[in-house]
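Accompanying notes for the structure given below.
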Amino acid sequence: MTFIIPIGPQHPALEEPTHIRVEVKGEEIVGVDLRLGYVHRGIEKALTERPYAHGFYLAQRVCGICNATHSLAFTRAVESVAGVECPDRARYIRVIDGELERIHSHLLWAGIAAHEIGFTTLFMLFWRDREHALDMRELLFGQRIYATGTYLGGARVDIEQKHIPQLIRALAELEKSTKHYIDVCTSDRTVIARCAGIGVLTKKEARELCAAGPTARASGVDFDIRRDDPYAAYDEIRFDVVTERNGDVLAKVVVRLREILESVEIIRQAIDAMPKGPIRAKFPENVLENEAVGRVEAPRGELMYYVRSNGTNKPERVRIRTPSYANWPSIRPMLVGGTIAEIPIVVASIDPCFSCTDRVTIVDAKTGKARIVTKDELRRLRK
Amino acid sequence: MNVNEIVRLIKRYADDVKIVGARQVFAATDKERYLEALTALRDNDLKHLTTITGVDRGDVIDIIYHIHCGESLLNLKLALPKTDLEIETVTDIFPGAVLYERDLMEMLGVQVKGHPDPRRLFLPDDWPKCVYPLRKEVKK
């Protein structure tokens, strides 16, 4: 006989809301069902009601962690629609921006993973070193979290020469500590006991379920938009696409840590190769009827924006496919067959981002009008 | 696969094949051929469906299957008149399409026949029937 355990929407394991129904037979998980939508905000619709220049800031706020890649993906799609070419210097600024974000996102995730397995010291160490990346974002782009170097038609701010030595020092620190963490994670008994052989996603499953990013690469799927569909200056930079074969939680840890080392190397190359010159091209107010897809490799994987323009200053349709959205179907094979105690770390291992996945609008059925439901109304609805 | 190989592969199943930029192909298929087209892509080892987009264009709804083809991206379009919004599921070809089709059903009211789990995805349980938030007729 099976038994259903409801987990969430609010639960101690993850900081964002989702509802997971886990069907168990004794200790063993035999089925998983997900209920999404608790943080749906209607952003796809809202983007069609704003001029491109305003939509840029909204797209940036789809996700609080990978906001630089969201603005870059939106910009990439919108620039293709409008036929605007970004100046060379700005392309390199975008690379530095995106890679700093990847470093801080991966370290943030690694800290959470350490916390999920009860290794609090490691969690603090990861987050201590994440500060290097955040400090650099503040120094170069003005803010620790909601900073982006991208703007429609180029870069928002230029990188000043006087900040480069500090950036190089921070990269050296990050490289040193990440190498140490790779050693720790592949040799420490606690990490191996909690992560090795757990939450396995096979290569076949990862491909069939269209997984993306480190979740797919940890299962041996060689797929990275930076190489496959290069944007910004990635076609002029040499880097390896990191893959692991085992597909378990440990492989997902190692893939992300090794990617940090690649990111450090990418930023170094970008600093050396960055040409001088203008950082922004003019972006038109109205965009002729057209359509385009802009993809970038976010820290969690392939992020896609589809933009359709209609000759006005607002897009006709914007579709966002975030990497967490693509990775949700993979949760089922990763959990089934495991035990209850593995749920937090396995769910965390895809680095889920709920706000990324949930986007919707509220509509009154009788009048067909969209509106926002207040917290009080929601409370009344629940009763 | 590069764009030219994609064009060679897809032109049997689609019309109006356009290469956009260095790495993107847009093509328009129809209800008779889209399943064959997607199966042919899958059989050529193109197994990554990036997503499915639905676009309300007034009288028709465009459904776009975005398929990652290694070094290029294929955007395969299927135009459905609003009077006949029914398609077959593609989850047997791309199992990863399961959430995208649920999204398509609740946001644009496209009926996906044969879907293994046609529940709502994001909308709440008490959401009224036949109100599709990404349709044009839904006004502020």
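Side notes on the structure shown:
- Residue among B:VAL98, B:VAL90 that alone is at the interface with chain A (Cβ under 10 Å from one of its Cβ atoms), buried (at least 16 other Cβ atoms within 10 Å of the Cβ) and of a type outside the set (Lys, Arg): B:VAL98
- Output for segment A:33-55, where each listed residue is among the hydrophobic types (A, V, I, L, M, F, W, C), crowded, with 19+ Cβ neighbours inside 10 Å and at pLDDT 90 or above: A:ILE43, A:LEU47
- Meets criteria (crowded, with 24+ Cβ neighbours inside 10 Å and in contact (Cβ under 8 Å) with a residue 12 or more places away in the chain) for A:LEU58: no
- Scanning segment A:272-296 for residues that are free of Cβ contacts under 8 Å to residues at least 60 places away in the same chain and either within 12 Å of chain B (Cβ to nearest Cβ) or among the acidic types (Asp, Glu) (or both) yields A:ASP272, A:GLU289.
- Within segment A:208-227, considering residues that are touching a helix residue (DSSP H, G or I) at 6+ places or on another chain (Cβ under 8 Å) and not in a loop (DSSP other than H, G, I, E, B), the one farthest from the other protein chains (Cβ to nearest Cβ): A:PRO214
- Subset of segment B:53-63 (residues that are more than 7 Å from chain A (Cβ to nearest Cβ) and closer than 15 Å to A:ILE320 by Cα): B:GLY54, B:ILE63
- The residues in segment B:107-140 that are touching a Phe, Trp or Tyr at 6+ places or on another chain (Cβ under 8 Å) and more than 9 Å from chain A (Cβ to nearest Cβ) can be counted, and the count is 2.
Conditions tested, residue by residue: (1) farther than 17 Å from A:VAL307 by Cβ; (2) modelled with pLDDT of 95 or more; (3) in a loop (DSSP other than H, G, I, E, B).
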{"position": "A:ALA59", "(1), (2), (3)": "no, no, no"}
{"position": "A:VAL62", "(1), (2), (3)": "no, no, yes"}
{"position": "A:ARG89", "(1), (2), (3)": "yes, yes, no"}
{"position": "A:ARG94", "(1), (2), (3)": "yes, yes, no"}
{"position": "A:LEU108", "(1), (2), (3)": "yes, no, no"}
{"position": "A:ALA114", "(1), (2), (3)": "yes, no, no"}
{"position": "A:MET124", "(1), (2), (3)": "yes, yes, no"}
{"position": "A:MET136", "(1), (2), (3)": "yes, yes, no"}
{"position": "A:ARG144", "(1), (2), (3)": "yes, no, yes"}
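- The criterion of at least 3 residues that are within 12 Å of another protein chain (Cβ to nearest Cβ), more than 14 Å from the chain's Cα centre (by Cα) and at pLDDT 85 or above is met by the following helices (runs of 4 or more DSSP H) wholly inside segment A:297-360: A:331-335.
- Looking only at residues of segment B:22-41 that are within 13 Å of chain A (Cβ to nearest Cβ) and surrounded by fewer than 18 Cβ atoms within 10 Å (Cβ to Cβ), we find that the one that is farthest from B:PHE94 (Cα to Cα) is B:ALA22.
- Scanning segment A:167-182 turns up one or more residues that are under 23 Å from the mean Cα position of the chain (by Cα), more than 13 Å from every other protein chain (Cβ to nearest Cβ) and either of a type in the set (Lys, Arg) or not in a helix (DSSP H, G or I) (or both).
- Some residue of segment A:146-153 being modelled with pLDDT under 95, of a type outside the set (S, T, N, Q), closer than 19 Å to A:LEU257 by Cα and touching a Leu at 6+ places or on another chain (Cβ under 9 Å): no
- Here A:ASP235 qualifies as of a type in the set (D, E, K, R) and either within 25 Å of B:HIS66 (Cβ to Cβ) or in contact with a Phe, Trp or Tyr (Cβ under 7 Å, 6 or more places away or on another chain) (or both).
- Restricting A:GLY111, A:GLY142 to residues that are under 25 Å from A:GLN166 (Cα atoms), buried (at least 19 other Cβ atoms within 10 Å of the Cβ) and free of Cβ contacts under 8 Å to residues at least 40 places away in the same chain narrows the list to A:GLY111.
- Lone qualifier among A:THR190, A:THR215 - being of a type in the set (S, T, N, Q) and crowded, with 18+ Cβ neighbours inside 10 Å: A:THR215
- If the condition is being under 22 Å from A:THR243 (Cβ atoms) and free of Cβ contacts under 8 Å to residues at least 40 places away in the same chain, then segment A:181-206 contributes A:ASP183, A:SER187, A:LYS204.
The values are calculated or read from the model by the stated rules, or taken from the named source; none is laboratory data. Being a predicted model, the structure only gives us computed values, none of them experimental. Neighbour counts run over all protein chains shown; Cβ positions are idealised from the backbone, glycine included.
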